[in-house]
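Everything below concerns the one structure shown next.
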Amino acid sequence: MAKKKQARVLCVDDEPSMLASLKMVLRIGFDVETAESGAAALELMKSSPPVQVVISDLRMPGMDGLEFLRAARDIDGDATRLLLTGQPDMETAIEAVNQGLLFRFLTKPITPKDLFRVTETAVEQHRLVTNEKVLLDQTLLGSIKALNEVVGIVMPEAVGRASRIERQATALGRALRLQPLWPLRIAAMLTQLGYVALPDETRMKIYRGDRLNVEETKLLRSVPQSIEEVLENIPRLEQVRKILVSHTQLADGTAPQLRLGGGELPVEAKILKIVSDYDILRTCDLRPDLCVETMRGRKRWYDTAILNEFAAMLEENLSSAERQGLEIHELVAGMVFAENVTTVDGVLLLARGHEVTKNVLRRLRNHPAGTIRTPISVLAHDLAGVGL
């Protein structure tokens with residue numbers, strides 16, 4: 001029988017004697033690595049297989065424990081992080097927990113038994129986190145992507161918009177170091193769900209940015225409630241529902257035109273508000289820079305810091321985006337459509353911003369030769385789609 005692989009634990013301390021003690025206690029049940037500085041530990045994390053647990057001293061010269069754990073989180077957000085110190089500091093502990101840097105805050109001296117027990121608990125926490133991520137990535141996210149592809153056959157505009165919003169929101173969430181990202185991603189992918197029940201003419205007017213009449217405006221206001229009703233019985237989506245039903249509100253939590261309650265909005269809702277409104281303005285054929293300027297002029301609508309981050313991200317990605325005109329047989333999964341894909345008669349097949357997937361390629365290649373307008377404009381770099 002193959003020997004069970006031991007969890008990898010990284011211990012960081014500037015005192016060699018302390019490192020030796022930690023390794024002596026933990027080596028019985030774990031594969032222990034050591035580093036005498038935060039900088040050395042970061043290099044080890046970059047060059048070695050992933051670690052499941054990181055244990056760091058707080059008071060270290062050069063880079064202290066909080067700085068190190070913050071950088072370690074950027075390298076491997078799944079590693080469970082423990083902070084060990086001989087100088088208890090409640091303010092430091094609160095700061096670390098609030099920033100999501102820590103699983104446990106430990107004080108010296110700590111008995112070998114307690115250290116071993118806490119490390120075992122940290123390994124179990126890592127297992128739960130990674131198992132949850134696999135479940136979400138392979139099951140929930142996969143199912144929603146499959147659903148969107150089916151919906152895209154009859155509502156290409158909706159799925160194209162959802163694809164653009166998901167790509168932009170995910171990139172912005174990463175830029176803001178938002179953890180975890182999956183509630184934002186799923187909410188972004190489902191932003192168009194509430195529009196499915198709207199009349200086709202009303203939905204197309206919304207997507208074109210046309211003015212709505214009184215009855216259509218009333219229907220639009222019902223969209224958050226429609227989303228709530230569809231998702232209310234689906235497990236694991238409680239946070240996603242909260243994001244979706246509040247992302248149309250203003251940055252200060254008010255939205256009298258929608259008659260929703262006020263209060264602090266989730267940061268994910270603030271992100272979706274910015275990204276969704278940007279997409280509407282782009283639909284009106286405004287240049288990206290003019291879209292941002294228009295949004296800056298809307299007082300209280302958006303979180304200023306998040307809007308500034310979004311504007312900086314747009315500028316960076318638009319400068320590196322390169323469009324290519326390709327034939328159908330040249331398309332590769334992972335590309336992004338830079339323009340709408342239509343038949344030669346002008347029938348929309350796939351909207352700008354839709355990602356090229358295996359199913360999309362199959363659909364396009366099943367069309368009779370010469371019936372799809374080519375060349376097809378695409379962006380090869382995924383994040384370049386942020387500026388569409």
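Bear in mind that the values in this text are calculations on the coordinates, not laboratory data. Since the structure is predicted, the reported quantities are computational estimates derived from the model, not experimental observations. Note: ideal-geometry Cβ built from the backbone for every residue, glycine included; neighbour counts use all protein chains shown.
Specify whether the C-alpha gyration tensor of region 155-320 places it in the rounded, prolate or oblate class, a ≥ b ≥ c being the square roots of the eigenvalues: rounded for a/c under 1.5, otherwise prolate if a/b is larger than b/c and oblate if not. Don't skip to the end; give the middle numbers.
Numbers: a/c = 1.40, a/b = 1.14, b/c = 1.22.
Cα axes put region 155-320 in the rounded bin.
Give the dimensionless ratio obtained when the Cα radius of gyration of region 266-311 is divided by 2.2 N^0.38 Å.
My calculation over the Cα atoms of region 266-311 gives 1.05.
If each residue's Cβ is checked for other Cβ atoms within 10 Å, how do 185, 70, 174, 161 rank with the fewest at the top?
In order of increasing Cβ crowding within 10 Å: 174, 70, 185, 161.
Rounded to whole Å, give me the distance from the Cα center of region 1-54 to that of region 286-310.
45 Å
How would 329, 126, 247, 367 line up from fewest to most surrounding beta-carbon atoms within 10 angstrom?
Starting with the residue having the fewest Cβ neighbours, the order is 329, 367, 126, 247.
Each residue of region 351-361 in order: what ³J(HN,Hα) in whole Hz does its phi give by Karplus 6.51 cos²θ - 1.76 cosθ + 1.60, θ = phi - 60°, with x for Gly and Pro?
7, 3, x, 5, 7, 7, 10, 4, 5, 5, 4
With a Förster radius of 56 Å, plug the Cβ-Cβ distance of residue 342 and residue 17 into 1/(1 + (r/R0)^6) and report the FRET value to the nearest 0.05.
Values: r = 71 Å, r/R0 = 1.27.
Working from the Cβ atoms, E equals 0.20.
Can you list residues from other chains, or at least 5 along the same chain, whose modelled amide H is less than 5 Å from the amide H of residue 372?
Answer set, sorted by chain and number: 344.
Using only the Cα atoms of region 1-82, build the gyration tensor, take square roots of its eigenvalues as a ≥ b ≥ c, and label the shape rounded, prolate or oblate: rounded if a/c is under 1.5, else prolate if a/b is larger than b/c, else oblate.
Oblate.
Taking H as built 1.01 Å from N, whose amide H comes closer than 5 Å to the amide H of residue 84, not counting residues under 5 places away?
56, 57, 58, 106
When the dipole is taken about the Cα centre of region 155-320, and only Lys, Arg (+1) and Asp, Glu (-1) are charged at their Cβ, what size is it in debye, to the nearest 20?
140 debye
Have a look at 30, 40, 16 and report the one farthest towards the positive end of the charge dipole of region 4-47, computed about the Cα centre with Cβ charges (Lys/Arg +1, Asp/Glu -1).
With unit charges placed on the Cβ atoms, the residue in question is 30.
Once the Cβ-Cβ distance between residue 71 and residue 145 is put in as r, and R0 is 25 Å, what FRET efficiency do you end up with, to the nearest 0.05?
So the FRET efficiency works out to roughly 0.20.
Under 30 Å between alpha carbons, and skipping anything fewer than 8 positions from residue 145 in its own chain: which lysines qualify?
133, 205, 218, 242, 270, 273, 358
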